[in-house]
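The values are calculated or read from the model by the stated rules, or taken from the named source; none is laboratory data. Since the model is a prediction, treat every value here as computed from it, not as a measurement. Because the Cβ atoms are built from the backbone with ideal geometry, glycine has one as well, and the counts that use them run over all protein chains shown.
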Protein chains: 2
Amino acid sequence: MKRLSIHKKQNVMRVTLAEVARRAGVSIVTASRALNGNPLVAEATKDRILAASTALRYIPNLLARGLVKDRTATVGVIILELANPFFAPMVSGIQAIAAKRAFLLVVGESRRDEEEERRLVAQFQQLRIGGIILNPVTDTLDHVMAVRSAGTPVVVMARRWEHGEYVATDDVEGGRLVAKHLLQRGYRRIGLVRMGDPNHAPVQARVQGFREVLGAAGLGIPDAWDVQVSGAQITDGIEAVERLLLQAEYPSALFVTSDRKGLGVIHRLHERGLRVPEDVAVIGYDDIPYAECARVPLTTIAVPKRSMGEMAADLLFQRHDGVGPVEPRQVLLSPKLVIRASCP
Amino acid sequence: MKRLSIHKKQNVMRVTLAEVARRAGVSIVTASRALNGNPLVAEATKDRILAASTALRYIPNLLARGLVKDRTATVGVIILELANPFFAPMVSGIQAIAAKRAFLLVVGESRRDEEEERRLVAQFQQLRIGGIILNPVTDTLDHVMAVRSAGTPVVVMARRWEHGEYVATDDVEGGRLVAKHLLQRGYRRIGLVRMGDPNHAPVQARVQGFREVLGAAGLGIPDAWDVQVSGAQITDGIEAVERLLLQAEYPSALFVTSDRKGLGVIHRLHERGLRVPEDVAVIGYDDIPYAECARVPLTTIAVPKRSMGEMAADLLFQRHDGVGPVEPRQVLLSPKLVIRASCP
DNA sequence: ATGAAAGCGCTAACAC
DNA sequence: GTGTTAGCGCTTTCAT
């Protein structure tokens, strides 16, 4: 791993602001002003500078600028998984808003690992990131509060944050919607498939709302029908069915707390010769695009995924620009029931 | 300044390398060396510096470093869509490799817009990005060649690049696999659903291989059964079926060049009362996770999505480190047929 | 309206 | 081993 020792930039003479200025016959400062749209530059001068800039193919150095400003035009995003149709649209929404302002998106995947999340936040700080939008692994957000008090705006997405700004959906309400629908359709023997992780507040909230409504109707979920799996993949849904079918009896309806697991559940139920919804009705959560194309189209709770990303980005930029109220804004969007064949 | 009850540390003295050095009683340079693992620092000194660094919560400024080195520890990634199960795993694979080396991922979505792609590449340059991995919109890659000749490694992903490094799958071969399977199962009345965009080389290649094998068997695809849609969403598959069913006759087998469209196709065929595969067999492409859970599990061509990302990142880092051969490496991975119920 | 000077925080070159 | 000296390319005062 060696490099040129004497003239490191002999092949490619980098075009700097100084070059542009020289070519335009002005000082560096004036060139900088012109390129940044500062009005205190005479039109004629400005035109000359802009012309020089394009002629030389000037590429501004964001690092130099960032060094001075102690901030870059970037948004850091941390989500649990990239390859997850629940998160991907959120990131896409953020990117759309960020692109409008020519901010770059720095994306990290925590893979539900709190350490990884902290590492990413630290790296973001090193880059003097312009702001952070994250779906945190747990509710412990001290690392992020430290960043925020250092002046970097932070918005939590798809999860609530007591001490800061967030854009989330009302998961308790979502759980209620599921329970109400099941009760209304006359189901009483009801099971649950969910991620076991007690740190995962959104799932806890969904289950809470679900139980609340069932409880009010005098119903509960037998332990044997409360299946806890470790992840949120299709395979976890498959595993859940396997475990459920070990029981002497099985429920006539299942609330599966994510669509991916729901797809796996339906898939396996079918393979095991059980009809959906006749033998077991299934309700998922998230309304991913593939829910509709499932073996039996999945009844589910729709969450405004892309909007959450867009709104989070909007909040972030407002904070960045210093507009809006001082107190943290906490946005809770409403989930909606989408009825399909798996639980009509 | 007014006093605030909650956040009181308003004037945070930024911790710089100078602070750390002072506290450790050494010069800035020595501190820099110690923190960068330069062996030319006495153990004792190094320990003192490291201690000072942690005590002060020192956060290195990557912008300053980048300004000197004219390069940052970042990888820029450009894909067509984030919310696409074909690309998301690739990005995840890249991120995994990058994270090992503490490189941050800067992600852009071109949305099949060449202008947007160029804009992103330009922004990457401004950030003095460490390398670029992209799935380009077209084969016109002059913008990227310019970047590369300025010393930034570039790897193309999921597409071939005559003049540079790439990691792709053999789409022509994939198309052949589809045709062979159909022929072997006795299908002769064969239709095609594909994205119409002539710039999209991968689809062109799939179709080319497909036609090649059919042609060798004396078969062709009637124009009426060659349905061209504008996108690669589920809805495009749905639209394709609508168009197909306007015909007097319909094919007994369909090759749909992406799984998402394939899901839409199956969905709509079913809604229109046509059985898959009895009335129409369907083969997709990509093997996204949801293909298996489709109304009728989708026969498809599996592509090593995550591996492509990982390999692209590996290539990039090799180039970055200056190891490996000088000539561009071009990796072509093999697709595999996955037989499921939609075309058994 | 324009420019000169002074850094931003760090690393590289060359001493000692 | 360690320190001194120069910048990297840009944006800020503060002059003019």
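Given the stretch A:131-250, what helices (runs of 4 or more DSSP H) lie entirely inside it while holding 2 or more residues that are more than 30 Å from A:Arg319 (Cα to Cα), in contact with a Phe, Trp or Tyr (Cβ under 6 Å, 6 or more places away or on another chain) and among the aliphatic types (A, V, I, L, M)?
Numbers: elements: A:142-149, A:171-184, A:201-216, A:234-244.
Output list reads A:171-184.
So which residues in the stretch B:94-119 are more than 9 Å from every other protein chain (Cβ to nearest Cβ) and among the small types (Gly, Ala, Ser)?
Residues satisfying the conditions are B:Ala98, B:Ser110.
Only one of these is surrounded by fewer than 19 Cβ atoms within 10 Å (Cβ to Cβ) and within 9 Å of chain B (Cβ to nearest Cβ): A:Ala122, A:Ala88, A:Ala83. Name it. Outline the logic, then answer.
Values: A:Ala88 fails: surrounded by fewer than 19 Cβ atoms within 10 Å (Cβ to Cβ); A:Ala83 fails: surrounded by fewer than 19 Cβ atoms within 10 Å (Cβ to Cβ).
Result: A:Ala122 is the single residue among A:Ala122, A:Ala88, A:Ala83 that is surrounded by fewer than 19 Cβ atoms within 10 Å (Cβ to Cβ) and within 9 Å of chain B (Cβ to nearest Cβ).
Can you tell me which residue within the stretch A:22-74, out of those that are among the polar types (S, T, N, Q) and more than 14 Å from chain B (Cβ to nearest Cβ), is surrounded by the most Cβ atoms within 10 Å (Cβ to Cβ)?
The initial filter retains those residues of the stretch A:22-74 that are among the polar types (S, T, N, Q), namely A:27, A:30, A:32, A:36, A:38, A:45, A:53-54, A:61, A:72, A:74.
This time we only want the ones that are more than 14 Å from chain B (Cβ to nearest Cβ), so: A:27, A:30, A:32, A:38, A:45.
On the way: A:Ser27: 12, A:Thr30: 20, A:Ser32: 18, A:Asn38: 12, A:Thr45: 16.
Per the stated criteria, the residue is A:Thr30.
Restricting to the stretch A:39-61, name every residue that is free of Cβ contacts under 8 Å to residues at least 40 places away in the same chain and either part of a loop (DSSP other than H, G, I, E, B) or within 12 Å of DNA strand C (Cβ to nearest atom) (or both).
Step one: of the stretch A:39-61, the residues free of Cβ contacts under 8 Å to residues at least 40 places away in the same chain are A:39-55.
Result: A:Pro39, A:Leu40, A:Val41, A:Ala42, A:Glu43, A:Ala44, A:Thr45, A:Lys46, A:Asp47, A:Arg48, A:Ile49.
Do any residues in the stretch B:94-119 that are free of Cβ contacts under 8 Å to residues at least 24 places away in the same chain have Cβ atoms under 8 Å from those of residues that are of a type in the set (Ser, Thr, Tyr), where the two are at least six apart or on different chains, and which pairs are they?
Between residues of the stretch B:94-119 that are free of Cβ contacts under 8 Å to residues at least 24 places away in the same chain and residues that are of a type in the set (Ser, Thr, Tyr), the close pairs are B:Glu116/B:Ser110.
Which residues, counting only those in the stretch B:17-28, are over 25 Å from B:Arg101 (Cβ atoms) and either within 9 Å of DNA strand C (Cβ to nearest atom) or aromatic (Phe, Trp, Tyr) (or both)?
Taking the stretch B:17-28 first, the residues over 25 Å from B:Arg101 (Cβ atoms) are B:18-19, B:21-28.
If the condition is that a residue be over 25 Å from B:Arg101 (Cβ atoms) and either within 9 Å of DNA strand C (Cβ to nearest atom) or aromatic (Phe, Trp, Tyr) (or both), then B:Ala18, B:Glu19, B:Ala21, B:Ser27, B:Ile28 are the ones that fit.
The rows are residues; the columns are (1) out of contact with any Ser or Thr (no Cβ under 8 Å at 6 or more places or on another chain); (2) over 25 Å from B:Arg111 (Cβ atoms); (3) crowded, with 22+ Cβ neighbours inside 10 Å; (4) basic (Lys, Arg).
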{"residue": "B:Glu165", "(1), (2), (3), (4)": "yes, no, yes, no"}
{"residue": "B:Ala168", "(1), (2), (3), (4)": "yes, no, yes, no"}
{"residue": "B:Ala179", "(1), (2), (3), (4)": "yes, yes, yes, no"}
{"residue": "B:Gln184", "(1), (2), (3), (4)": "yes, yes, no, no"}
{"residue": "B:Arg189", "(1), (2), (3), (4)": "no, yes, no, yes"}
{"residue": "B:Val203", "(1), (2), (3), (4)": "no, no, no, no"}
{"residue": "B:Gln208", "(1), (2), (3), (4)": "yes, yes, no, no"}
{"residue": "B:Leu214", "(1), (2), (3), (4)": "yes, yes, yes, no"}
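In the stretch A:71-110, which residues are touching a Lys or Arg at 6+ places or on another chain (Cβ under 6 Å), under 18 Å from A:Val154 (Cα atoms) and either away from DNA strand D (no atom under 16 Å from the Cβ) or not basic (Lys, Arg) (or both)? Break it down into steps so the answer makes sense when it comes.
Looking only at the stretch A:71-110, we keep the residues that are touching a Lys or Arg at 6+ places or on another chain (Cβ under 6 Å), and these are A:71-72, A:80, A:89-90, A:93.
Within this subset, residues satisfying the condition of being under 18 Å from A:Val154 (Cα atoms) are A:71-72, A:80, A:90, A:93.
A:Thr72, A:Leu80, A:Met90, A:Gly93 - these are the residues of the stretch A:71-110 that are touching a Lys or Arg at 6+ places or on another chain (Cβ under 6 Å), under 18 Å from A:Val154 (Cα atoms) and either away from DNA strand D (no atom under 16 Å from the Cβ) or not basic (Lys, Arg) (or both).
In the stretch B:173-224, what count of residues is obtained for those that are among the basic types (Lys, Arg), farther than 20 Å from B:Glu239 by Cβ and under 32 Å from the mean Cα position of the chain (by Cα)?
Here is the first cut: in the stretch B:173-224, the ones among the basic types (Lys, Arg) are B:176, B:180, B:185, B:188-189, B:194, B:206, B:211.
Restricting the remaining residues to those that are farther than 20 Å from B:Glu239 by Cβ gives B:176, B:180, B:185, B:188-189, B:211.
From the residues that got through so far, the ones that are under 32 Å from the mean Cα position of the chain (by Cα) too are B:176, B:180, B:211.
Number of matching residues: 3.
I need the full set of residues from the stretch B:25-38 which are over 12 Å from B:Ala52 (Cα atoms) and either more than 8 Å from DNA strand D (Cβ to nearest atom) or assigned to a helix (DSSP H, G or I) (or both), in order please.
B:Ile28, B:Val29, B:Thr30, B:Ser32, B:Arg33, B:Asn36, B:Gly37
Considering only residues of the stretch B:301-323 that are in a loop (DSSP other than H, G, I, E, B) and away from chain A (no Cβ under 12 Å), which is farthest from B:Gly93 (Cα to Cα)? I'd like the intermediate steps shown before the answer.
Filtering the stretch B:301-323 down to residues in a loop (DSSP other than H, G, I, E, B) leaves B:303-304, B:322-323.
Still in the list and also away from chain A (no Cβ under 12 Å): B:303-304.
On the way: B:Val303: 14, B:Pro304: 11 Å.
Here the residue is B:Val303.
Among the residues of the stretch A:267-300 satisfying the criterion of being of a type in the set (A, V, I, L, M, F, W, C), within 13 Å of another protein chain (Cβ to nearest Cβ) and touching a Cys at 6+ places or on another chain (Cβ under 7 Å), which is farthest from A:Gly237 (Cα to Cα)? Please lay out each step first, then the result.
First pass over the stretch A:267-300, keeping only residues of a type in the set (A, V, I, L, M, F, W, C): A:269, A:274, A:276, A:280-283, A:288, A:291, A:293-294, A:296, A:298.
Now narrow it down to the ones that are within 13 Å of another protein chain (Cβ to nearest Cβ): A:269, A:276, A:282, A:288, A:291, A:293-294, A:296, A:298.
Narrowing the set further to residues that are touching a Cys at 6+ places or on another chain (Cβ under 7 Å) leaves A:282, A:294.
On the way: A:Val282: 11, A:Ala294: 13 Å.
Residue satisfying both the conditions and the ranking: A:Ala294.
Restricting to the stretch B:11-21, and then to whatever is in contact (Cβ under 8 Å) with a residue 24 or more places away in the chain and away from every other protein chain (no Cβ under 14 Å), can you tell me which residue is farthest from DNA strand D (Cβ to nearest atom)?
Residues of the stretch B:11-21 in contact (Cβ under 8 Å) with a residue 24 or more places away in the chain: B:15-17, B:19-21.
Retained after the next criterion (residues that are away from every other protein chain (no Cβ under 14 Å)): B:19-21.
Details: B:Glu19: 14, B:Val20: 12, B:Ala21: 7 Å.
Among them, the one singled out is B:Glu19.
What are the pairs with Cβ atoms under 7 angstrom where one residue, in the stretch B:271-294, is on the phi > 0 side of the Ramachandran plot and the other, located anywhere, is assigned to a helix (DSSP H, G or I) and surrounded by 19 or more Cβ atoms within 10 Å (Cβ to Cβ)? Sequence gap at least six, or different chains.
Short answer, once both residue conditions are applied: B:Asp286/B:Asp259; B:Asp287/B:Asp259.
Testing A:Ala83 on (1) within 13 Å of DNA strand C (Cβ to nearest atom); (2) without any contact (Cβ under 8 Å) to a residue 12 or more places away in the chain; (3) small (Gly, Ala, Ser), one condition comes back false. Which one is that?
Exception for A:Ala83: condition (1).
So is A:Arg160 basic (Lys, Arg), under 23 Å from A:Met308 (Cβ atoms), in the same structural domain as A:Leu315 (by TED's automatic domain parsing) and surrounded by fewer than 17 Cβ atoms within 10 Å (Cβ to Cβ) or not?
Values: basic (Lys, Arg): yes; under 23 Å from A:Met308 (Cβ atoms): yes; in the same structural domain as A:Leu315 (by TED's automatic domain parsing): yes; surrounded by fewer than 17 Cβ atoms within 10 Å (Cβ to Cβ): no.
When the stated conditions are applied, A:Arg160 does not pass them.
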